[in-house]
Every structure is written in C-alpha cells, then in structure tokens.
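Below: the structure, in structure tokens.
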Amino acid sequence: MKNEEMNEGKMTVIVQTIAALLFPLALIFSFYVIMHGHLTPGGGFQGGAIGASAVVLLIVAYGVKHVEEKMTEGGFSVFESLGGLIFVVVAIFGLFLATSFLANFLVNEPIFGKIPGWGQAPLNSGGILPILNIAVGMKVIGGLSAVVLILALISREGEEK
Amino acid sequence: MIWEIIYILLGIGVAFNVLASIGLLRFPDVYTRLHAGTKCTTFGSIFICLAAMIYGLWKWHVGDKQMIAITIHTFFALIAILLTNPTGAHAIARAAHRSGIKPVKAVVDDLEGKNV
Amino acid sequence: MFEMSLFEILIILLSVFMIASAIIAIWFKDLLASVIALAVMSLLLSLYFYILHAPDVAIAEAGVGACLTTAILIITIKATKRMEGDEE
Amino acid sequence: MKKLAFIAFVVFLFFLFYSAYEMRDFGNPPSNVRETFPDAKYKVTMDDRIIGKYNTTTGEWEYGAVEETGANNVVTSVVFDYRGYDTLGEATVLFTAIAGIMLLFGREKK
Amino acid sequence: MLAFIASTVFCFVMWLLLTFNGNFWQTDELVAGIVMACIAGFASRKILVKDFKLANPKRWLFILAYLPRFFYEMAKANFDVAYRVLTGRINPGIVKISPGLKSDVAITTLANSITLTPGTLSVDVDEEKNLYIHWINVKEEVLKKMPRDYKPICSNFPDWARRIGE
Amino acid sequence: MNPFMITLVLVMLSIAIAIIRVLLGPTVPDRVVGLDTINTLVIASMILFGVAKEEIIYIDVAIVYALLSYITTLFIAKYLQGGKL
Amino acid sequence: MIYNLPFLTVVALIAIGIYAIIFKRNLIKIAVGITILESGVNLFLITLGYREGGVAPIFTNLPPGISPDQIPEKMVLPVPQALTLTSIVIGVAVLALILSFTINIYRKYGTLDAGKIRRLKE
C-alpha cells in the first residue's frame, strides 16, 4: 500500500506537518542563539548545532532524496567555506588595523563597540565578536549538515546496491 | 497566597510525573507504556511550566521587570513539548507495529496484516 | 543550608544515573539499545553541565548530543549491521 | 596479549582512582581574589583576571573581559578573543573532517 | 512571494517574543530581527506555507475555543491513566476510524489531540487519511459494525478538527 | 527552602524509574519510550532549576531540548519501521 | 560538602570508555566508548571550574541576589567552559570521521570485528 512512499523515505503526514512547523522555529531560535552569543548563553557553535539539527529534522521527516534536491552537500560546503573566509578576513583586518591577528579592533568604536554597563546590554556591543559568531555559526551549520547529508546519502546508496 | 498556588501546581505536576514513570514500569506492552509515558509526562510538565510562568509573572508584577522573560521562554518550551510529544509517541507506535510487536491481550486489531 | 544539601542530593543522583547509563551503553549486545543508552547519558550530562552553572556548554551538548551524535550513529548502524558479536 | 592489556587497564584504573582521591575538594578553585586583586596584580590567576571587577562608585569596569572586549558573556569573549587561535584551529579540524568524508565518499555518489 | 511574506511574519513574531525583556525592543534588535526573519522565512517558505487557510481569523477563534475543552479532556485522560496504572485493568485493541478529513493540518490536529485524550493513541494513518487508534478500553458496541463509529472513541474531535483545518 | 528544588529532586527520582525501564525493556521500542519520558522529565527539571536559581537566561537550554530531543525519537522510529532513509 | 564525588564520576566514565576501547571488538562499540571517554573529559573540565555557590559567567540578567561588589568571587571560572565548548564540536567532527571510516571498512571487508580485519590484511 505504501511501498512507493516508503521508498522515498518519508514518514507519515503527521510527522511531516509537525516538522514543517518546527523547522522555522528551530531555525529562528538558532539565529537568536547566534546573534545573542555575546549577551546570553550561546554563540556560533551552539547556534550552528541547532541549525544543523533543523536540517537533520528535514532529512528524517522528508527523506534524503527530497532534501538533496533542494540543498546539495556542495552548497553546504560552499556555505561553510564562506564562514571560514569571513573569519580569516576579519582576523587579518585585526592584523592591519590594530596590533595583531584576531585583535578586537572594533571595541570602543561608535557602531559596534559599546561597552555595556551593569545588567542589560545592547545588541551592538562586543566589537568583532558578533561577526566572528556569525562566521563560526555559518561554518558549523554548513559543516555538520553536510556531514549528516553525505552519510545519509551513502547509507542509502549502499542499500540500493 | 502566590506560594500556595505554586505549591499546588508543583504538587500536581510532580505527582503526574511520578505516576507516569510508575505506569512505565507496570504496564505490560509498549503501547500501554506509551499511554502512560506520553499523557502523564505532558500533563505534569504543563503544570510545572505553569508554576514557573506564574512565578515569573508575579516577580514581574512585584517590580522585577526582566523576570517576564522567564514566562515567555517557558511558554516557548511548553509549546514545543505540546507539539513534539504526541508526534513522537505516534512515530514510536507506528514503528513498533511495523517491526512486528503485537499488542498484548488485544481484543481487536484492525491494523493487522495491513502493512509491510 | 537545606537547599545546599538538596543540591548535593541532586549531584549524587545525577552521578549514579550517568554511570549506570554508561555501563548500560557498553553492556548491551544490541547496538541500537546501546545508542539509546548513550543518548540518555548525553541528556544527563547536559543536565549535569546545567546544574554546574555552565549553560553555554549545556546548550552545545544539547544541540550535539540530542540529535547529531545519535543521528550519525544510527545512520552508520543502518549502513552496516545491528548486532554486535556473531557474524552472518 | 589480552592478559597484558587487562593488567595495564587495572594499573591505569588504580592510577585514575588515586588521582581522583588526591584531587582537591570539589567546588573550591584555587583563587584568592579578595586578598590579591587590588594590590598585587601579578598574583591573580587567569580566570580572575578575565572575569574582572566592577567599580561600584564610578559605575564602570576596571579590568576584565567586559572592558576589553565589550561582551557581556565572558565565555564568548574567551572563545573568540583571548583564545581566538583555538577557535581557528577548531574550525580547521571541522573543515578537515568534512574534507576527509568527502574524499572518502565523493566518487561513489551518482 | 506571498508564502515568503507569511513565513517571514511568522519568524519575526517568534523573534520578537524571544527577545522581549520587559522593556520595548531596541532598534538594533528590531533590525537584526527583520534580517534574520527574512533569511529563515526564505529557507522555510516552501515547507511551512502550503495554503492560506490558517490566515483566516475565524480559525484562530476556533482554536481558542477548542483549547479549554481540550484541556478538560486531557485532565480526564490523566485521571483515567492514573486509575489504570493503580489497578492494572486494561482491555486494549487497535481500531480504525474514518473521520473523513482531507487537509494535513486537520488530520495532524486530530491525531495529536487523540494521543493526548482519554485512553486513545494514534498508531497509524494511511493514504485515505483513516486513523488507526490503539484504544486502551475497548467497548463492545463499537466492535459490531465495521465502519466504526467515532463518537465513543474520540467524542467530537473530528468536528473541531474539521472546523480548524478545512 | 525552595519548593522548586524539592520538586526537582522528586522529578529526578522519576527519572530513575524511567532508567530502569531503559535497562529492562525487552524490545527496543520500550527503551525508546523510556528515552522519550526522560526527555520530557529533563526539560521539566531544567525549567525548575532555572526558576529556582532565578536565572532567566537558563531557560534557553530547556527550549533547545524541547525542540531537538524529538529528532532522536524520529530517527530510531525510522530505523525500526524499515524502509530507506 | 560532598568531598569529591564528581571527580569519581569522571574517573568512572573514563574507565568505562577505556574498557570499551580496549576490550570490545566491534568498531561501532569502540566509537561509543570514545564518546563516553570524551564525555568524561568534558565533565572533568567543567567540574574543575565549578565554584561553590557561584553563578554563570554572564553579566546579562544576573539573579537578584548578586551585587556588583562581590562579582569576582561569585562566578564560575570561564576558561574551562570555553575549552569544553571547543572540545565538543571537535568531538562530533571526529566521531563523524570515525564512523565514515567504519562504513568504508564494512563495505570492504564485510565485517565490523577489529580482530578479523587485522587478520584479513595478511
């Protein structure tokens, strides 16, 4: 009765609907964790892990083939490399504009470098830390999603043989 | 007054959570265990979250402005629990039936032989 | 004072649970059950980090241990075979 | 061979338990902030130096992570500022792992 | 395009709720929220928004009216399970019902409600959207005719689900 | 003495019973039911600890678990029901 | 206070992990053992940094009982947490690499037993 659907690797319609509702929720929460990494617990690694988990949720609910049509692992790899590039470029800017590699050259500057007082803090504080957070977040989202996607594809190919 | 409400809510919540785990231990097969595990933990967690939300609201009312964040974030966790818990139970039940586990002492099984 | 002793009870219980689930994870012959016990251990480890006031690490362990580790392990079991020990 | 491994394991286990027995008490990291912080600056441990001190009279930070990096979360400022090279190395490890997996399985796909 | 706007608005409301801390939102929070909501909305536009039925405010009123009844049923369910845990009296079986719902949202609402209400647990759903339910206390009168009557199993939840989802 | 901490210890005791189910469960779905129960209980205990210490920012961890712990369940269910990934 | 029970927990976890690595022959079981060992090491780092009655090293939304005056002796040490954070992501990357090699070995030799693989090579 459901052999075609099972071959596609989809789960039932209930799981799919809930996954469709949870995917933007997990994604926006991941962005919240990445953006507020210098204020609340979180940062690039944690938000990246949550974002990769959102992609894994799509993989398990809709099947690998369906996800791979939309986003290939090459795309994720490019995303990851972009994150690494942003990280290194910002670090080298520190070498040129300030004293050393990875120097925090934006702190005490007007736009990003507010030093917060006691308690609440604005989002645009922290110098280059938010930019590095975003870079590492992109890197981790791309990297871990690509890992799970490749492994799932390989497992599927192995079963077809 | 506020503490009595919180005590009652926490009591109900922890009672249902303990009941859920006892049911998990006592019931005979996976489907009935799912009944205990899903319903009772969801219900107990709702009450625990309600206690936390009421505490945050009360603190906010007293004058600690930032404590409203406890209420909102707990509400998020509650929504996530309410969405994911029954779906997970459905997935496990379907997988258990497809992997060939029969319900114990079943008087009727309409699904038998329909799949695989 | 009583609250501190509650904290100690919490730490003792968590330690016992973690060691128990780690032993379970090593002991089972069924690799799927072993992975489930590993997921339980990761869950309790995150709770341990949480009550030791390290929420950053708790979020990282939650995001990684709650889905990514288990996902990779189960994909591997699906690509290879489920039981330890005897050969086919 | 297996017997030798077992003996080595038992010795290692003994070593582990002995080190745990000789470890300092749980919950008391070796830092004496109040005595040493304002006067002798070089006696302060790294963590106290990073956490810093808040001047209640002027309402500003005297030293520490918040004044030097402007981030309220001290862990993030350690990860990305004081220990930025570690993070760069971690990014390299992640990249290498993905490159390894892609090299292993890249030909096989399609 | 309309789907993109809808999912972006959803994500932006979630962002606003997450970042609220007692005072009104600062400008930087709002700007970052709009940018991030655009990215998340673009990523999830094809999965989240399939039709615009839930944009109708009447359905939201139905959901609000549904919640108290649902909560009452859930409380009853828990006392039921408590009774069965303490006495161990069960009479289980898997029954099939045909609620006749078409849309995904309706069947999901119905299945999740069934799982959380007394004595029932949705096990499977097939292509004609028939639900297979594990029922912990099977009554005799339901077993007699084959297209099962869903009234004794899940009182009038299919009607509510139809009002919400279709 | 804080009521939230006492509730937390009681919730930990019910986690103990669920771990016994993970240990005993004759089949894999039984163990998954135990895992699912432990998930919900751990979320509840995280919320309780965050409220007991009045740390607002701690609740984020509970949200992460509530959003993500379900994926593990789905993976195991998908393995058990057979078919391709 | 509980003398040093968390350190004993760490020791037990590390011992279990090393036992799995040495005496188990299934490759996936060895990967599980490596994960447990890594959890023990992470827990050790966090346990080193715990300070009795401390709060998390985050200055946003501190709990109301803390005054700015007493901050340096009220906070958990931040550097071990940062190291652990790096360690966790490296751990999952290494685990993925190990498991992909495992899949490859299974494809090539048809077995997961470490001893048999060594024998097949000769």
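The values are calculated or read from the model by the stated rules, or taken from the named source; none is laboratory data. Given the structure is predicted, the values throughout are model-derived calculations rather than measurements. Here the Cβ is made from the backbone with ideal geometry for all residues, glycine too, and neighbour counts use every protein chain on show. These accessible areas exclude ligands, DNA and RNA; they are computed on the full protein's heavy atoms, side chains included. Shrake-Rupley method; radii C 1.70, N 1.55, O 1.52, S 1.80 Å.
The table that follows gives values for the structure above.
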read-out	value
Check: the protein assembly as shown dipole with +1 on Lys, Arg Cβ and -1 on Asp, Glu Cβ, in debye	2600
Label-to-label distance, nm, for residues given as A:VAL78 and E:ASN56 (7 Å Cα→Cβ offset)	4.2
Size of the stretch B:2-115 as Cα extents on the principal axes (Å, biggest first)	62, 24, 17
Chain C, relative contact order in percent, only Cα pairs under 8 angstrom and at least six apart counted	28
Listed pairs A:LYS139/C:LYS78; A:LYS10/E:LYS129; B:LYS39/E:LYS144; E:LYS129/F:LYS78 exceeding 22 Å between Cα atoms	A:LYS139/C:LYS78; B:LYS39/E:LYS144
Cβ-based net charge around C:GLU61, under 15 Å, with every Lys or Arg adding one and every Asp or Glu removing one	-3
Area of F:ASP30 that stays accessible when all protein chains are in place (1.4 Å probe, Å², to 10)	10
B:HIS97, A:HIS38, ranked by accessible area, largest first (probe 1.4 Å)	B:HIS97, A:HIS38
Value of relative contact order over chain F, rounded to a whole percent, pairs C-alpha under 8 Å and six or more apart	28
Degrees between helix F:3-24 axis and first principal axis of chain F (Cα, 0 to 90, nearest 10)	20
Accessible area of D:TYR82 in the full protein assembly, 1.4 Å probe (Å², nearest 10)	80
Span-like helix ranges in chain G, DSSP H, alpha carbon extent 20 angstrom or more, Kyte mean at least 1.6	G:5-23, G:27-48
Dipole axis of the protein assembly as shown (+1 Lys, Arg; -1 Asp, Glu on Cβ), positive-most option in B:ALA80, B:GLY100, A:HIS36	B:GLY100
Contour minus Cα-Cα distance for B:ILE54 and B:ILE79 (0.36 nm per residue)	7.4 nm
Given charges at Cβ of Lys, Arg, Asp, Glu: the stretch A:3-160 dipole, positive-most of A:GLY137, A:MET71, A:LEU153	A:GLY137
Sites E:GLU128 and E:PHE42, calculated FRET efficiency, Cβ-Cβ separation with R0 45 Å, nearest 0.05	0.85
Point-charge dipole on Cβ atoms (K/R +1, D/E -1) for the stretch A:3-160, about Cα centre, debye to 20	680
Residue among A:ALA91, A:ALA49, A:ALA121 with the largest mean-square fluctuation in a Gaussian network model of chain A, springs linking Cα atoms under 10 Å	A:ALA121
Label point at A:GLU157 placed 7 Å out along Cα→Cβ; residues across the stretch D:82-106 whose backbone nitrogen lies under 13 Å	D:101-106
Relative contact order, percent, the stretch E:2-52 [alpha-carbon distance under 8 Å, six or more residues apart]	61
Difference of contour (0.36 nm per residue) and Cα-Cα distance, E:LEU16 to E:LEU2	2.9 nm
Heavy atoms of A:SER100: accessible area, 1.4 Å probe, square angstrom to 10	50
By accessible area with a 1.4 Å probe, ligands and nucleic acids excluded, highest first: order of D:MET1, A:MET35	D:MET1, A:MET35
Apportionment of accessible area to carbon and sulfur, the protein assembly as shown, percent (1.4 Å)	66
Rg to Rh, two decimals, where the protein assembly as shown supplies the alpha carbon set and Rh follows Kirkwood	0.95
FRET efficiency estimate (nearest 0.05) - Cβ-Cβ, D:LEU4 to G:ARG107, R0 35 angstrom	0.60
Label point at A:GLU68 placed 7 Å out along Cα→Cβ; residues across the stretch C:58-81 whose backbone nitrogen lies under 19 Å	C:71-80
FRET efficiency for B:ARG26 and G:ARG119, using Cβ-Cβ distance with R0 set to 35 Å, rounded to 0.05	0.10
Per residue, in Å², the accessible surface of the stretch G:1-105 once ligands and nucleic acids are set aside, probe 1.4 Å	27
